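The values are calculated or read from the model by the stated rules, or taken from the named source; none is laboratory data. Fair warning: this is a prediction, and the values are worked out from it, not measured in the lab. Counting neighbours? That spans all protein chains shown, and the Cβs are built from the backbone with ideal geometry, glycine included. The protein model used for the area step is the full one, side chains on, heavy atoms only, and it has no ligands, DNA or RNA in it. Shrake-Rupley method; radii C 1.70, N 1.55, O 1.52, S 1.80 Å.
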Amino acid sequence: MDFELTKSQIEIQKAARNFAKGEFDKDLALELEKKHEFPTKIWKKAAELGFIGIHFDEKYSGQGLGVIENIIVAEELCARDSTIGACLLLAGFASECLLRFASEEIKLKFLPLVAEGKTLSAGAFTEPDHGSDITSMNTTAVRDGNEWVVNGTKTFITNGCLAGFFTVLCQTDPDARPSYRGISMILVEADRKGVTATDIGDKMGIRMMSTAEVNFKEVRVPLTNLIGKEGKGFYQVLEFFDESRILIAAQALGTAQGAFDRALAYVKQREQFGKKLAEFQITQHKLADMATKIELARLITYKAAWNYDKGNIDPKLTSMAKMYAARTAVEVADEAIQLLGGYGYMAEYEVERFYRDAKITEIYEGTKEIQKNTIASAVLGKFK
Ligand SMILES: Cc1cc2nc3c(=O)[nH]c(=O)nc-3n(C[C@H](O)[C@H](O)[C@H](O)COP(=O)(O)OP(=O)(O)OC[C@H]3O[C@@H](n4cnc5c(N)ncnc54)[C@H](O)[C@@H]3O)c2cc1C
């Protein structure tokens, strides 16, 4: 057993930390959050330095590294700033569907655009009537000559108004039973005729990110835009979740660490009743609990990534990591606000934003209840 990061992983961690320290700025973050604006300049710079698509092969402009390196970067960026970090780690959202399943032609065309910071990507799975349950889709894709004709509406799509392309889950065989055997993944470029994206509006956290409803009306794409195999879209998205949920766990972990760091610094300097807050035993116990939860979240998240990179893909462990790290982020950020008292409630002190940003990690990429379903079915096995 070896819990150490390699030398090169430590270098990547330092590089990500230094990048975030140099480029992320509290005032800029407050301004971007207020304007609901994506941190475009920082994203471009992160791509230039190789932080986007670090896990893509070099031929797709990546660094040829693994999920571990990707989560090391995600943790560092989110610890520095929970919103800017989330924007960067999801800049290439769902491009792993291309990486793992698409034709070489599609990979060579689209993955370099993502890694080089020329386009954002989006995964369009959720529909107004299909959230946790994606075993059937109302969005359809029908063959017509050499093309697919896509019709339907997707909702809550991250990067929706900014992305250059969407990975869309479509029902390609409406007669398939069970219905998920008739779902396929199709790449739809955002500039195709009939694609419209509308921002859904104000939301609790991750406010620099676009969250959109995306409508596909008689959208024609070539048959070669099929990602992976026809009728395998449902299975492919589940495999994608095995990877992407580890990244969300890292987002949560970084968010928890960032909230903790701020609370720790605060209690060492704030005095009440003639003492530093850090001198009260209750403060010390809160810090001990927070630090322990973060350490556990880190262990399970890194273990899930390490397993994934070794080819031991384990949906149970991935779901445990996402569920535990997400809960940790919410609890630690909540406690951080408490430790800062009234100041914790104010935007300038950042922890309230970390708290708002933490909550989404318990919802997207499968809610905590859905993670529990995955864990429970793995531990129970067949029992009926
Ligand atoms: C900001 C944001 C960004 C998002 N980004 C994307 C994106 O980029 N792409 C995308 O496709 N989707 C995205 N989503 C959608 C997200 O993945 C869904 O919101 C989530 O999967 C839950 O679906 P739902 O909202 O329809 O809730 P529902 O599925 O209706 O669930 C409502 C409640 O019921 C519970 N529930 C449902 N089924 C079960 C069950 N079987 N057992 C126990 N409890 C259950 C849920 O856990 C939840 O608590 C995003 C959502 C948000 C808010």
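Regarding region 335-358, can at least one residue be identified that is within 13 Å of the ligand (Cβ to nearest atom), basic (Lys, Arg) and open to solvent by 10 Å² or more (accessible area, probe 1.4 Å)?
Checked against the condition, which is being within 13 Å of the ligand (Cβ to nearest atom), basic (Lys, Arg) and open to solvent by 10 Å² or more (accessible area, probe 1.4 Å), region 335-358 yields at least one hit.
Among the candidates Val114, Val150, the residue that is modelled with pLDDT of 95 or more, within 16 Å of the ligand (Cβ to nearest atom) and in a strand (DSSP E or B) is uniquely Val150. The residue of region 365-384 that is nearest to the ligand (Cβ to nearest atom), among those that are open to solvent by less than 40 Å² (accessible area, probe 1.4 Å) and within 26 Å of Cys87 (Cβ to Cβ), is Thr367. Under 6 Å between Cβ atoms, which residue pairs at least 6 apart in sequence (or on different chains) link something in region 207-220 that is part of a strand (DSSP E or B) with a partner that is open to solvent by 80 Å² or more (accessible area, probe 1.4 Å) and among the aromatic types (Phe, Trp, Tyr)? Going by the 6 Å Cβ cut-off, the qualifying pairs are Thr211/Phe156.
Okay, residues lined up against (1) on the phi < 0 side of the Ramachandran plot; (2) in contact with a strand residue (DSSP E or B) (Cβ under 9 Å, 6 or more places away or on another chain):
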{"residue": "Asp57", "(1), (2)": "yes, no"}
{"residue": "Ser61", "(1), (2)": "no, no"}
{"residue": "Glu69", "(1), (2)": "yes, no"}
{"residue": "Glu76", "(1), (2)": "yes, no"}
{"residue": "Arg80", "(1), (2)": "yes, no"}
{"residue": "Gly85", "(1), (2)": "yes, no"}
{"residue": "Leu89", "(1), (2)": "yes, no"}
{"residue": "Phe93", "(1), (2)": "yes, yes"}
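I need the helices (runs of 4 or more DSSP H) fully contained in region 310-384, keeping only those with at least 1 residues that are touching a helix residue (DSSP H, G or I) at 6+ places or on another chain (Cβ under 7 Å) and without any contact (Cβ under 8 Å) to a residue 40 or more places away in the chain. Lay out the reasoning, then the answer.
Details: elements: 315-340, 351-359, 368-380.
Answer list for region 310-384: 315-340, 351-359.
Checked against (1) touching a helix residue (DSSP H, G or I) at 6+ places or on another chain (Cβ under 9 Å); (2) in contact (Cβ under 8 Å) with a residue 40 or more places away in the chain; (3) open to solvent by 60 Å² or more (accessible area, probe 1.4 Å), Ile200 passes all but condition (1). Among residues of region 203-246 being surrounded by 16 or more Cβ atoms within 10 Å (Cβ to Cβ), small (Gly, Ala, Ser) and over 30 Å from Pro39 (Cβ atoms), the one that is farthest from the ligand (Cβ to nearest atom) is Gly228. Is at least one residue of region 153-167 part of a loop (DSSP other than H, G, I, E, B), touching a helix residue (DSSP H, G or I) at 6+ places or on another chain (Cβ under 7 Å) and surrounded by fewer than 21 Cβ atoms within 10 Å (Cβ to Cβ)? So far as region 153-167 goes, yes, one or more of its residues are part of a loop (DSSP other than H, G, I, E, B), touching a helix residue (DSSP H, G or I) at 6+ places or on another chain (Cβ under 7 Å) and surrounded by fewer than 21 Cβ atoms within 10 Å (Cβ to Cβ).
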